[in-house]
Each structure stands twice: as C-alpha cells, then as structure tokens.
Amino acid sequence: MPQTTDRHDDGPAAAPVLSPQDLFHTGLVVEDLDLAMKTLGELAGYRWTTVMELEVTARAADGVLQHASQRFALSLDEPRLELVEAIPGTVWVSDGSNGAHHVGYWAEDERIVEMSAALDALGFGVEASNDFEADGRLMWVYHRGLGGIRIELLNKLMKPSMDAWIAGADPAAVQQDAPTG
C-alpha cells in the first residue's frame, strides 16, 4: 500500500493568514443577477437577500479609481454564495470559464492591513481596494494569486450591517448604517 503524507514538513509552520472559520462567502460574477438567483434557487434551493444596489469605487492595482453601479445578493443558505452582476472594465468581470470569482474572509479591523500585507508577501498582490477613502481605512480588499485565485478581505466592522441585510433589512437602510471607511 503506498504511503501518503498529509503535509510537507519544511520546518516550523508560520501562523496562517486566514482561518477557515472566517470564510464568509464564495463570490460568483454573473452576467444576469436576477436570472442567476432564479436558476440557482431552482437548481440548488438557494434563497436570497434582496438585491443590494450601490455606487462603488475601487482603486485598481494600477492606482486608477474605478466608479461603477454594482448589484449583488447573498444567499440566505450556507455555505454562503455572493452573486455579483458583471461590470465590464472593472474587477467584477468573468470570462465564463473561471468558476468562482473570489472567496471572502472576515478580518478584524485592527488586523486587515497586516493580513493584506501578508497575502501580498505570499504572492497574492492587491488587485483592488477601497483604501482611497477619507481615513484610508480598509473595508475590503481583493488579492489575486495562484493562477487567478482571488481572496477578498472584509473588515468585520461591516459584519453587523451584512448580518442585518441577510436577516431582511432594507438594503438602503443597511447602506446608511454601514461603515464606509
């Protein structure tokens, strides 16, 4: 019987940057949000939040600010999916062959910058973020590496407003109450 090993022993392991228990969602970019919600509901029984519509600005890796109208929804069921309607010319695009767009992890406010730097050091460069806002506080940041895998860090300061939205709160009210950075 062949021997298998569960891990490579390259010396003492550094503490991981991410924790499985902090995984919040898997994000999928779709061409038609309403159709995707309907199809995944019929296919796999997913139920959805109301659609969130907001104006978003992201700093791209080249430093250019991208302004767009964004529409997205979260599944009420876990493991949680986030469906984001495609926005051509931004980070929120898909060529239809890349499967999941990103995995989103919660990050403590006081650690998000450190975690972002650690991901960068591991080869996951910053692709887009909201670090341009008034106080420079990161509320979210996308990193990309390992052949295209995206990791989104979400500041836990947003968790109460996200939980309220998932529980059925009006998206406009959630936006008003959400921290912006």
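The values are calculated or read from the model by the stated rules, or taken from the named source; none is laboratory data. Just so it is clear, the structure is predicted and the values come from calculations on it, not from any experiment. Glycine also receives a Cβ, built like all others from the backbone with ideal geometry; neighbour counts cover every protein chain displayed. Each accessible area value is taken on the protein alone, full model and side chains, heavy atoms only, with ligands, DNA and RNA left out. Shrake-Rupley method; radii C 1.70, N 1.55, O 1.52, S 1.80 Å.
Points to keep in mind about this one:
- Scanning region 169-181 for residues being touching a residue at least 12 places away in the same chain (Cβ under 8 Å) and out of contact with any helix residue (DSSP H, G or I) (no Cβ under 7 Å at 6 or more places or on another chain) gives a total of 4.
- Residue tally, condition closer than 22 Å to residue 151 by Cα and loosely packed, with under 13 Cβ neighbours inside 10 Å, over region 11-46: 8
- Looking across region 47-80 at every residue that is in contact with a His (Cβ under 8 Å, 6 or more places away or on another chain) and within 25 Å of residue 131 (Cα to Cα), the one that is most open to solvent (accessible area, probe 1.4 Å) is identified as 55.
- When residues of region 84-128 are limited to those that are among the hydrophobic types (A, V, I, L, M, F, W, C) and touching a helix residue (DSSP H, G or I) at 6+ places or on another chain (Cβ under 7 Å), the one surrounded by the most Cβ atoms within 10 Å (Cβ to Cβ): 107
Yes/no matrix, rows are residues, columns are (1) among the polar types (S, T, N, Q); (2) out of contact with any His (no Cβ under 6 Å at 6 or more places or on another chain); (3) open to solvent by 30 Å² or more (accessible area, probe 1.4 Å); (4) closer than 19 Å to residue 80 by Cβ:
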| residue | (1), (2), (3), (4) |
| --- | --- |
| 135 | no, yes, yes, no |
| 142 | no, yes, no, yes |
| 167 | no, yes, yes, yes |
| 170 | no, yes, yes, no |
